[in-house]
Every structure is written in structure tokens, then in C-alpha cells.
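Single-structure report; data block below.
The values are calculated or read from the model by the stated rules, or taken from the named source; none is laboratory data. Model, not experiment: these values are computed from the prediction. When we count neighbours, we look across all protein chains shown, and the Cβ atoms used for this are built from the backbone with ideal geometry, even at glycine. Only protein heavy atoms, including side chains, enter the accessible area calculation; ligands, DNA and RNA are left aside. Shrake-Rupley method; radii C 1.70, N 1.55, O 1.52, S 1.80 Å.
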Amino acid sequence: MAVRATVGRFPENQEALESSGIPWGVTVTPFAGKDENGSPPAYGSDGNLLPRCENCWAYYNTFCDQEQWAWTCALCGTLNGLSSQAIARYSLPHSCAENLSSFIDLELPLDESEEMQARLVYVAAVDLSSSEEFLELIKSALLAALEALGPGSLFGLATFSHKVGLFDVQGPIPVVKNVFIPPDSDGSLPIELDDVMPLSSFLAPVDTCKDRIASALEALKPTNSWERTTAAGQGVDGVLLGGRGFGVAMEALLNYLGSEYGNTFALGRIFAFLSGPPDFGAGELDTRRYGEQYASKGEDADLALLPEQTPFYKDLATVAVQAGVCVDIFAVTNEYTDLASLKFLSIESGGSLFLYTNTDNSTLPQDMYRMLSRPYAFNCVLRLRTSSEFKVGNSYGHFFPDPQYENVQHIICCDSFATYAYDFDFANDSGFSRHTTELPMLQIAFQYTIVVPPDELSKSTSSSANRNKHSLQRRLRIHTLQFTTAHNINEVYDSVDPDVVLSILVHKVILISLEQGVREGRVLLNDWLVLLTARYNDACKLLQFERGNSATAHVDVAFSQCPQLHPLPRLVFALLRNPLLRLHEEGVHPDYRIYLQCLFSALGPSSLHRAIYPILTSFATPDKQAFPRHSLSRAALITSGSPIFFLDAFTTLIVFYSSTADPALPFPPPQDCLLRTTINKLKQERCITPTLMFIRGGQDDSTIFENYLIEEQDVEGSGFTSVMGFVSFLEEINHGVLEYLK
């Protein structure tokens with residue numbers, strides 16, 4: 001569990017917070033195997049016996065004062081009695097994880113029903129209202145997925161178009177049974193899927209049926225347009241107007257699986273593969289809202305295309321959560337599919353949303369394999385507690401809040417990359433008093449379930465019955481952190497983590513974009529940087545005055561006296577240039593914007609930095625690095641004199657050989673060189689598969705690489721200003737600060 005704060009030293013009170021201009025909050029990656037310092041947790045058992053505060057319900061931790069019969073809560077200061085069992089337990093303090101480390105992971109006891117259903121269920125729902133190329137890609141992806149699934153997993157294959165198809169692959173040859181979706185369907189099929197095929201026939205054990213599942217995949221064929229148009233009854237002059245009954249299919253599958261949640265399986269995952277918008281039956285989406293009419297209606301397309309047009313998929317996510325099923329949506333299409341409406345089904349059920357604009361260079365098979373190969377937790381509960389002087393303001397991320405308890409989030413499925421964010425407010429006017437020795441405290445508790453392989457289980461149990469089967473394990477992970485407070489504004493600035501500040505800003509601008517439109521998001525970001533620059537200059541002026549220097553009218557927009565703030569103007573400039581905040585008329589596809597919103601709001605701070613402001617490195621040869629970091633400008637390329645550049649933009653990796661590079665340098669770089677080792681390491685550490693490109697300047701088209709060199713590009717994207725790029729952006733901020741100070 002990695003926890004990173006926007007500031008390492010917290011502001012003393014509300015006045016100090018406002019005068020700093022820095023957002024105050026943290027990012028939390030709960031299922032990360034190590035903490036923010038790279039240390040693993042102390043492991044232990046009997047998490048159910050861990051003492052809890054009677055007042056604030058925080059867990060006992062290493063920061064608590066312990067006496068023989070009692071302990072004082074480090075978060076609220078309450079004195080709590082210890083049970084006789086706890087007294088005996090703590091008589092040997094070094095035998096308990098909670099006395100060894102402030103970062104612990106304890107096993108919890110399972111009830112009998114949980115021990116019974118350790119199986120995981122995976123269902124592929126494949127769109128047949130598609131092309132041969134689409135289905136070939138899906139077949140490759142699912143064959144890769146089958147290789148990644150653990151022993152004991154169950155797999156079901158379903159298809160959808162104007163009908164829903166279920167495959168039984170447990171006999172000698174795969175059998176498919178179809179049920180037609182009525183054109184006027186309200187969401188329900190004329191017959192329950194249970195009556196079409198028993199769930200036990202549909203869900204096949206991967207261990208014994210892998211070859212027959214592969215045969216069933218090979219048999220998939222797209223439904224022809226005549227068949228769909230006839231079924232949909234919506235053909236006009238030979239033009240197909242329906243046939244992708246995605247909403248009906250998903251609702252039916254969720255009800256089908258939900259009936260066995262807790263009996264047959266512990267977690268279900270549906271992989272939904274879409275080749276276009278749902279256009280038939282319940283959940284049908286009207287894609288005409290993306291078109292020329294916004295120009296004629298005078299509507300703001302950046303605002304109009306971001307909200308969902310129907311609550312159908314948000315409601316369906318609730319059904320998924322109750323059924324214990326997480327839905328991953330893979331959209332392979334370049335047509336408008338209205339991901340703004342569809343996204344809720346994936347992100348609110350704990351799944352992911354993927355968008356691939358074509359089938360040719362899609363990384364879908366690699367993404368499927370990677371997603372299923374890494375460990376993940378499920379049925380998770382996340383709770384953040386603070387000491388009494390401050391409280392959680394907003395929480396951000398792909399979870400659904402508990403309907404009863406404040407600051408409790410439920411996450412159906414969580415991998416080691418999934419990151420959540422919180423910002424803080426002061427609970428009272430006094431803040432953190434200078435006259436007390438108590439320091440700000442933060443405690444994050446994460447309760448989760450994992451599937452434990454037989455070899456790991458055999459270490460903790462000798463039962464021969466358990467040796468060949470996977471088991472569930474319920475665990476409680478707790479990370480308690482103590483922070484210091486800043487005595488003046490310079491101590492706040494010196495402790496800033498710019499990557500975490502960027503994370504909080506991205507969450508805030510996504511929210512404001514969804515509510516008020518992209519333009520408002522841009523304004524918010526610009527105004528924040530003006531305010532921060534003004535507050536920083538005000539603090540420096542006070543500093544100069546104290547040292548006897550006269551204050552000048554010069555505005556330091558580059559934060560030259562504070563290295564921690566120095567990256568922020570570049571990050572804000574890059575965020576304004578990012579498709580997340582570029583305007584509709586600049587050609588940003590609304591589905592791509594929604595995809596970026598979903599991706600960025602789940603990334604950790606370091607990954608997000610790369611996605612917003614890519615890292616550019618130079619190499620003298622494929623085996624020797626020249627400079628670790630360059631600004632994203634053509635001038636940096638020219639002045640460095642290096643022949644090879646490597647750009648890491650998170651989703652894309654580019655190796656660029658300059659036009660002046662020595663022809664004797666091997667191209668592309670050989671497999672055993674330093675550059676390739678660097679690339680392979682980065683690919684391994686990514687949550688998605690980045691696209692790797694090799695470009696030779698002067699011979700290949702280098703537009704893709706040059707588009708990343710944003711510092712000479714105009715922040716508005718129009719490119720018509722006389723002085724373009726980052727320099728003129730800083731001048732605008734300078735002007736804004738002077739206006740603000742007036």
C-alpha cells in the first residue's frame with residue numbers, strides 16, 4: 001500500500017493552507033505490494049483480534065502509547081482498555097506484526113461458506129454485429145486470456161447481436177443455444193438464460209476444456225447485415241439500423257451469474273467486447289448526438305457529449321456489484337460509441353475501460369494476458385481515517401461509496417496499480433496547534449480477499465485435501481502514517497510532491513469537465529496556476545523583505561527559488577495541451593476523451609506524470625545513456641547533440657534516431673543493449689501494454705514523435721500566435737499574476 005501526500009509537511013491551519021495555494025491530499029494504491037518507501041508489510045494472523053479505538057474505531061498501531069492494561073489511540077487520544085487476550089498477546093511484543101511495523105497485513109478468519117466457493121468465473125461476451133477482423137482480434141485476445149487464467153477457473157462464452165448466444169463446450173463438440181431479443185425489449189428476454197442452458201453447462205473448467213473453448217472461438221462468425229436488419233425490423237432502403245443488443249445481453253448475463261454468487265464462485269468477471277454502439281433493445285444509445293447538429297444548435301459539444309444519455313448502464317453497474325461481477329469493456333471501434341454512457345458499467349463495478357481505434361496494431365491480446373496474469377484482490381473495502389484536527393473532503397477513483405458509512409469505499413476488483421485519491425479539509429479553525437506534541441496522523445485500512453494457490457496454502461496447512469485446490473484468504477492491510485507540520489509557507493513549498501499535486505488536479509478538472517464542460521476545466525487549471533504563482537511570489541517577497549531586500553515587480557513564474565514547485569508550470573501546460581482538456585473543435589473524439597478520463601483517474605502519480613508530460617531521454621549509443629531528462633522541445637534535441645532519443649509517454653514508447661545520427665549505429669537497437677533493457681523493464685512495469693515505435697529521422701515520417709514536443713506548440717492548439725508555446729504561456733501567467741495582485 002503506497003501512500004503519497006501532496007505535501008510532506010502539512011499546513012498548520014486553514015489560513016496557511018489557503019495562503020500556500022497547494023491542494024492538500026494524498027493518493028493511495030492499496031494493493032501495491034510495498035509502501036511508498038519500497039518496504040513490504042509485516043505479515044501476521046488473527047486480524048480479527050486487533051484492538052480498535054472505542055471512540056474513532058481506528059486500529060491499534062505502533063504510534064499508540066501502550067501501558068500494561070490499556071492503550072491510547074494515536075488518532076483521537078482516547079484511552080482504551082485491553083482485553084485479557086490482548087494483554088497476553090502483547091506480553092511478547094515482537095511476536096505481533098502490529099508491534100513491529102506501522103504497515104501490516106493480517107489474515108482474517110473465513111466462514112464456512114467462503115471456504116467453499118474459491119472458484120473464479122470468467123465470461124466473454126462477444127459482439128457478433130461486427131467484422132471478421134474484429135472477431136479474429138477477439139479470438140487472439142481470448143486465447144491469450146485462457147493461458148493466463150489460474151487452475152480451477154471456470155469460463156463461459158456468450159455472444160450478442162439481435163440474439164444472445166450461450167456455448168456449452170463440455171461435450172465432444174461445442175453447442176450454441178440462442179435466444180432472440182424482441183425489438184421492443186424492455187431489458188428482459190422472453191426466456192430466462194437458466195432455462196436456455198443450466199449455468200453448470202455454460203461454465204466450463206478451463207483445466208479440462210481449454211481445447212474445446214478454442215474450437216468454439218474458431219467457430220465464431222459475424223451475423224450478416226440482412227439477418228440483423230430483418231430481426232431488428234428497422235431496415236430502411238437497405239441501410240442497417242439495429243442489431244447490437246448489448247444492454248439486454250449484459251443484464252441477462254448478470255442475472256444469470258448473480259444467482260450463483262457465493263455458491264459456485266467468489267468473483268465473476270465479464271469481458272465485454274464491443275465493435276460499435278449498442279443500437280438495439282434496452283440500453284440502446286442514440287449516436288446522432290455526435291454530429292454536425294451542435295454547430296447549428298449552438299450547443300457546447302465539449303459539455304453535451306460528456307454526460308451519459310441514459311442511466312441504464314449506471315443502474316446495471318449496481319446489479320453487477322450485487323451479483324459479485326466486475327465488467328471490463330473492450331471497445332474496438334473508430335465510430336462514436338458513447339463511452340460516456342457505457343463507462344459506468346465498467347468503472348463502478350471495479351472493471352476497466354479499454355479503447356482501441358483499429359484492429360491492425362491493437363495491443364488487446366497483450367493487455368488481456370497482462371491484466372489476468374497479475375495478482376488482484378476482490379470484495380475490497382477501503383477506509384481512510386484521520387486524526388481529529390482534519391478530515392477527508394473529497395474522494396476520487398473507481399469505487400462505489402458505502403450507502404451507510406462515510407469515507408468507506410467498496411471495490412469489487414483491485415489490482416496492484418489501482419490508485420485512489422483524497423483531499424483534506426481542517427475540522428476546526430485552530431488546525432494543528434504549535435503548543436502540542438501531537439502530530440497529524442493518517443490510517444488507511446484495506447480489507448480484501450485473494451485466491452491462494454495450493455503451494456502457498458500448504459505452508460500454512462498440512463491438510464492433504466487442500467493440497468490440490470485453490471483457497472480464498474481474507475486479509476486486512478493497515479498503513480498508519482505520521483506527518484509533521486510546517487512552521488511557515490516555505491516549509492510547505494519545500495515538501496511538495498509535484499506528481500501527487502498533478503494527480504489531485506487531474507481528478508478535479510475531470511469532475512469540473514463532466515459537470516460544467518471542458519472549457520471550465522481549462523479555466524480552473526489556469527486560474528489555479530495564477531493563484532499559486534501569486535501566493536509563491538508573495539511568500540518570496542516577504543522573505544526578501546525580511547532579508548532587507550526591496551520587493552520588485554518582477555514575477556518569478558518559473559519558481560526558481562523552489563525546486564519542488566519548478567515542474568508545476570510545465571505539467572499544467574502539458575495538461576492543457578492533452579486531449580483530456582483539448583476542445584472538441586480541435587478534433588478530439590469524445591470517446592477518446594472519456595477513455596483518458598477513466599485511465600488517468602486510476603493511475604498512480606508517477607505513471608500519470610509520464611502520460612501528461614512524457615519523459616525524454618537521450619543516448620550516445622544504444623548502450624550508453626547521454627542525458628536522463630530533456631524538456632519536450634526541438635531546441636533540446638538540437639542543443640543536446642545526441643543521436644538517439646527515447647520518449648516514454650506511458651501508452652506509447654518511441655525510439656527516435658536523429659537525421660544526423662551516425663549511419664553505423666544499429667537500427668533498430670539490438671536486443672541485448674541498455675536501451676532495449678530499459679524498454680523491456682518499463683513494459684513489464686506498466687498496467688497496459690505500451691505501443692513501441694522506432695523512427696528514423698529524415699527517412700521515416702516523424703510526425704508522431706514531433707507531436708510530443710509540445711513546448712513550441714500553442715497552449716490553445718490553434719497554432720496562430722506569433723510567439724508560440726511554453727514561453728508565451730509563462731508570459732500569460734505572468735500577466736495573470738500582475739492582474740491578480742492589483
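State, as an integer percentage, the relative contact order of the range 614-711 based on alpha-carbon contacts under 8 Å between residues 6 or more apart. All intermediate terms of the calculation are to be shown ahead of the outcome.
On the way: 154 pairs, mean separation 29.3, N = 98.
Dividing the mean separation by the residue count of the range 614-711 yields 30 percent.
Rounded to whole Å, give me the distance from the Cα center of the range 244-279 to that of the range 675-694.
First find each Cα centre; the distance between them is then 33 Å.
Going by Cα centres, the range 345-375 and the range 567-590 are how many Å apart?
24 Å
Sorted from largest down, what three extents in whole angstroms do the Cα atoms of the range 565-633 have along their principal axes?
Extents along the principal axes, in whole Å: 42, 27, 26.
As a test of reading the structure, rank SER20, SER416 by solvent-accessible area (1.4 Å probe, protein chains only), most first. All intermediate terms of the calculation are to be shown ahead of the outcome.
Values: SER20 0, SER416 40 Å².
The ordering from most to least exposed comes out as SER416, SER20.
Which whole-Hz couplings ³J(HN,Hα) result when phi for each residue of the range 602-616 is put into the Karplus expression 6.51 cos²θ - 1.76 cosθ + 1.60, θ = phi - 60°, listed in order with x for Gly and Pro?
Listing the rounded values in order: 10, 7, x, x, 5, 5, 5, 4, 5, 5, 8, 10, x, 9, 10 Hz.
Using Stokes-Einstein with the Kirkwood hydrodynamic radius over Cα pairs, what translational diffusion coefficient do you get for the range 614-711 at 37 °C and a viscosity of 0.692 mPa s, in µm²/s rounded to a whole number?
Details: Rh = 13.5 Å.
Once the numbers are plugged in, D ends up at 244 µm²/s.
Could you tally the net charge around ILE444, taking each other residue with its Cβ under 11 Å from the Cβ of ILE444, Lys/Arg +1 and Asp/Glu -1?
Numbers: positive: ARG383, ARG385, ARG477; negative: ASP35.
Once positives and negatives cancel, what remains is +2.
Give me the percent of the accessible area of the range 614-711 that comes from carbon and sulfur atoms, probe 1.4 Å, all protein chains in place.
Heavy-atom surface of the range 614-711 belonging to carbon and sulfur, 1.4 Å probe: 53 percent.
Cα-Cα over 22 Å: which of LYS139/LYS221; LYS391/LYS541; LYS508/LYS681? Intermediate values should be presented prior to the final figure.
Values: LYS139/LYS221 11 Å; LYS391/LYS541 32 Å; LYS508/LYS681 32 Å.
Pairs exceeding the cut-off: LYS391/LYS541; LYS508/LYS681.
Where both residues lie in the range 95-189, what percent of DSSP beta bridges are antiparallel, nearest 5? Provide the component values of the computation, followed by the final result.
Working: 9 of 16 bridges.
Antiparallel: roughly 55 percent of the beta bridges in the range 95-189.
What figure, in Å² to the nearest 10, do you get for the accessible area of HIS487 with a 1.4 Å probe and non-protein molecules left out?
Surface open to solvent at HIS487 totals about 100 Å².
Based solely on C-alpha atoms, express the radius of gyration and the Dmax of the chain in angstrom.
27.9, 90
Which value, in Å² and to the nearest 10, is the accessible area of ASP65 when all protein chains are kept and the probe is 1.4 Å?
Its accessible surface works out to 100 Å², give or take rounding.
Students sometimes get this wrong: rank GLU739, GLU54, GLU36 by accessible area, probe 1.4 Å, all chains present, largest first. Write down the numbers at each step before the final one.
On the way: GLU739 95, GLU54 130, GLU36 65 Å².
Largest accessible area first, the residues go GLU54, GLU739, GLU36.
Could you work out the relative contact order of the chain, using alpha carbon pairs under 8 angstrom and six or more residues apart, expressed as a whole percent?
Rounded, it is 14 percent for the chain.
Net charge around ASP648, counting only other residues with Cβ within less than 12 Å of its Cβ (Lys, Arg = +1; Asp, Glu = -1)? Let's see the in-between values first.
Values: positive: ARG610, ARG629, LYS681, LYS683, ARG686; negative: GLU685.
Result for the local shell: +4.
Given charges of +1 on the Cβ of Lys and Arg and -1 on the Cβ of Asp and Glu, with all other atoms neutral, how large is the dipole of the range 140-223 about its Cα centre, in debye to the nearest 20?
Numbers: 5 positive and 10 negative charges, 55 e Å.
Around 260 debye, computed over the range 140-223.
Express in Å², to the nearest 10, the accessible area of CYS540 obtained by rolling a 1.4 Å probe over the protein heavy atoms while all chains stay in place.
Number for this one is 10 Å².
Accessible area per residue of the chain at 1.4 Å probe, in Å²? Write down the numbers at each step before the final one.
Values: 31560 Å² over 742 residues.
Dividing the accessible area of the chain by its residue count gives 43 Å².
What 222 nm value per residue comes from the helices of the chain, counting each DSSP H run with n ≥ 4 as -39,500 (n - 2.57) and dividing by all residues, nearest 500 deg cm²/dmol? Walk me through the numbers on the way to the answer.
Working: 26 runs with 250 residues, N = 742.
That comes out to -10000 deg cm²/dmol.
Ranked by accessible surface with a 1.4 Å probe, highest first, in what order do PHE417, PHE573 come? Could you put the intermediate results ahead of the total?
Details: PHE417 65, PHE573 0 Å².
Sorted descending by solvent-accessible area, the residues read PHE417, PHE573.
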